[in-house]
Amino acid sequence: AKGGKKEVHKANFEIDLIDAKDGEVVTRFPPEPSGYLHIGHAKAAVLNQYFANAYHGKLIIRFDDTNPSKEKTEFQDSIIEDLRLLGIKGDKLTFSSDYFQEMYDLAVKMIKEGKAYCDDTPLEKMRAERMDGIKSERRDRTVEENLRIFTEEMKNGTEEGLKNCVRAKIDYTALNKTLRDPVIYRCNLTPHHRTGSEWKMYPTYDFCVPIVDALEGVTHALRTIEYRDRNAQYEWMLSALGLRKVHIWDFARVNFIRTLLSKRKLQWFVDKNYVENWDDPRFPTVRGIRRRGMTVEGLKNFIISQGPSKNIINLDWSLIWAVNKKIIDPIAPRHTALDSKDLVTVSIVDGPELHSEKKAKHKKNPDVGEKDVYYSKKVLIEQADAALISDNEEVTFMDWGNVICTKVHKDADGKVVSIDAKLHLDGDFRKTKLKLTWLAAEKTVNVELVDFDHLITKDKLDEGDNFEDFLTPETRFETPAIADVNVEKMKVGDIIQFERKGYYILDSNADGKYIFFTVPDGKQKK
Ligand code: ATP
Ligand code: MG
Ligand code: MG
């Protein structure tokens, strides 16, 4: 389509970038290093990379680090690591802070040309004036006065400087309120994580992004749709400064039900110890969902399958977990775990002495390898299963064969305490009703199975809702269990299936404590 030259690779997107020339497209992903990468950022990063690749162009990864009060090197490093994990390196890594001098010079130029002014109207009043389209009393300050305040007072962070900000002189009555003389520079004495105390004032997002996009040669700036009102302002900045045009291309933010994606709010959960840290399995961060069992491939497939839709979406988590299941199911080794509560011993009169046999870890995929299955005269089954068995019922023990339960012993409350049985290995497993998971009583490992709930109770918070009013009281659920001894050979991060239970990821095995997290498979409501 693009001049018939090189074939432009397309996924299932139907949308082309306007005015995109093969080999010349430059996109950028501009995270602010104020938190860990979350699934929304991942979408933006993958889309930017997708378009850069599709047009054989370049992707810039730019840290948008213009607010020292929120930004940290820790966040910056983690974002780079997480992008790497997603296979996103970018052709260039840059920092908005590399352009502080250029931006300063451009602000001076705007002031000199009468396109910007310093304003010390108190914050609340300024806000009200913007709301009502009222002209600021400072709008008519002379160029000389503005220059003095900006280049001396604000630049040095003096008392007078701190009271002022710089505003672009656009149109205080504009219908589009983003054009009502937006703030483009403000003072901040907090040291910057890269430039230290060199600067006492910083450009705002609205001023910084169009400038750095133009300076870096970005051809297509992908922005989430809620910035659409700001597009006019972005374009105003470029033309006021005589900078190169950049195409803006809007795409929808991704949201998930009962999930917060704002870094400020996520930070709150970390600070209040509601979660362990930014990689908590209840968090929508790349690290959080990875710990929960999301594969890189699953995450990328999901994002690509969503495409660059323009509709604001509030997705159910089951969608992404269903995509992930397709990746893990064909390769996840099968193991056995039994709920430890009220386990029932089955004594098999003609059962074998304790011994092990090699069995496939995955019946349909021999490449997954083999495991040791232990057989014995005494095996354990779950109380819930035992409760379903009647005297003389023939059942199937998975990976073994049929067994006849000659006698089911119950206590006064009807709880099963033990079962007498005998082998019937020639029996037909197609004729039994119950196919049971079991473990040789002498060969088990204690494990803990952990499941989680969403941190908030409301599917979608409305404007004006305070998320703190919608906290789920309990979000972590632990079930003690026993598992087959093969789990002792597993590594943290391994994903398996416990037969008849679901998928699990080994989260830790320190001090011989095996902690598994449930990997959602898209079927559960959660
Ligand atoms: P947060 O609210 O988490 O601070 P942000 O948009 O302020 O989000 P940035 O670090 O500035 O965070 O975002 C980097 C890029 O990721 C931006 O281009 C932004 O549009 C995009 N982005 C952020 N959240 C989402 C989301 N939920 N869906 C899609 N893209 C997103
Ligand atoms: Mg932002
Ligand atoms: Mg934000």
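Here are the numbers for this structure:
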| read-out | value |
| --- | --- |
| When residues of segment 31-54 are limited to those that are more than 9 Å from ligand 1 (Cβ to nearest atom) and outside any loop (DSSP other than H, G, I, E, B), the one nearest to Val254 (Cα to Cα) | Val46 |
| Those helices (runs of 4 or more DSSP H) lying entirely in segment 245-364 with at least 2 residues among the hydrophobic types (A, V, I, L, M, F, W, C) and touching an Asp or Glu at 6+ places or on another chain (Cβ under 9 Å) | 263-271, 317-328 |
| Selection count, segment 164-182, where residues are free of Cβ contacts under 8 Å to residues at least 24 places away in the same chain and touching a strand residue (DSSP E or B) at 6+ places or on another chain (Cβ under 6 Å) | 0 |
| Pairs where the first residue, in segment 253-268, is near ligand 1 (Cβ under 9 Å from one of its atoms) and the second is assigned to a helix (DSSP H, G or I) and polar (S, T, N, Q), C-beta under 9 Å, 6+ apart | Val254/Gln306 |
| Enumeration of residues in segment 285-315 that are of a type in the set (Lys, Arg) and buried (at least 17 other Cβ atoms within 10 Å of the Cβ) | Arg287, Arg290, Arg291, Arg292, Lys300 |
| Any hit, segment 392-412, residues being part of a loop (DSSP other than H, G, I, E, B) and at pLDDT below 95 | yes |
| Qualifying residue in segment 332-343 (condition: modelled with pLDDT of 95 or more and within 24 Å of the chain's Cα centre (by Cα)) | yes |
| Count of residues meeting criterion [modelled with pLDDT of 95 or more, more than 24 Å from Gly522 (Cα to Cα) and more than 15 Å from ligand 2 (Cβ to nearest atom)] in segment 249-272 | 5 |
| The lone exception for Ser78 - which of (1) within 13 Å of ligand 1 (Cβ to nearest atom); (2) within 19 Å of Tyr205 (Cα to Cα); (3) modelled with pLDDT of 95 or more it fails | (2) |
| Criterion (touching a residue at least 40 places away in the same chain (Cβ under 8 Å) and either within 15 Å of ligand 2 (Cβ to nearest atom) or more than 30 Å from Thr457 (Cα to Cα) (or both)) met by exactly one of Val246, Val212, Val275 | Val212 |
| Among (1) surrounded by 17 or more Cβ atoms within 10 Å (Cβ to Cβ); (2) in the same structural domain as Ala384 (by TED's automatic domain parsing) - the single one Asn324 does not satisfy | (2) |
| Failed item, numbered, when Lys263 is tested on (1) within 30 Å of Lys325 (Cα to Cα); (2) away from ligand 3 (no atom under 16 Å from the Cβ) | (2) |
| Segment 181-217, residues that are in contact with a Cys (Cβ under 7 Å, 6 or more places away or on another chain) and of a type in the set (D, E, K, R) | Arg186, Lys200 |
| Test: Lys491 is in contact (Cβ under 8 Å) with a residue 24 or more places away in the chain, in a loop (DSSP other than H, G, I, E, B) and out of contact with any helix residue (DSSP H, G or I) (no Cβ under 6 Å at 6 or more places or on another chain) | no |
| Filtered residues of segment 413-448 (kept if in a loop (DSSP other than H, G, I, E, B) and of a type in the set (Ser, Thr, Tyr)) | Thr432, Thr437, Thr444 |
| Filter pass, Lys310 being more than 29 Å from Asp494 (Cβ to Cβ), free of Cβ contacts under 8 Å to residues at least 12 places away in the same chain, charged (D, E, K, R) and more than 11 Å from ligand 1 (Cβ to nearest atom) | no |
| Of the criteria (1) part of a loop (DSSP other than H, G, I, E, B); (2) farther than 15 Å from Pro30 by Cα; (3) not charged (D, E, K, R), which one Leu106 fails | (1) |
| Leading residue by the ranking (farthest from Ile327 (Cα to Cα)) among those in segment 278-307 that are among the charged types (D, E, K, R) and free of Cβ contacts under 8 Å to residues at least 40 places away in the same chain | Asp280 |
| Residues that are out of contact with any Asp or Glu (no Cβ under 8 Å at 6 or more places or on another chain), assigned to a helix (DSSP H, G or I), in contact (Cβ under 8 Å) with a residue 60 or more places away in the chain and surrounded by fewer than 21 Cβ atoms within 10 Å (Cβ to Cβ), drawn from segment 55-84 | Thr73, Ser78 |
| Matching entry among Leu179, Leu222 (being within 16 Å of ligand 2 (Cβ to nearest atom) and either crowded, with 18+ Cβ neighbours inside 10 Å or within 31 Å of the chain's Cα centre (by Cα) (or both)) | Leu222 |
| Wholly within segment 118-196, helices (runs of 4 or more DSSP H) carrying at least 3 residues that are more than 27 Å from Glu32 (Cβ to Cβ) | 123-132, 143-148 |
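The values are calculated or read from the model by the stated rules, or taken from the named source; none is laboratory data. Keep in mind that what you see is a predicted model, and the values were worked out from it rather than measured. Note that we place each Cβ from the backbone using ideal geometry, even for glycine, and neighbour counts take in every protein chain shown.
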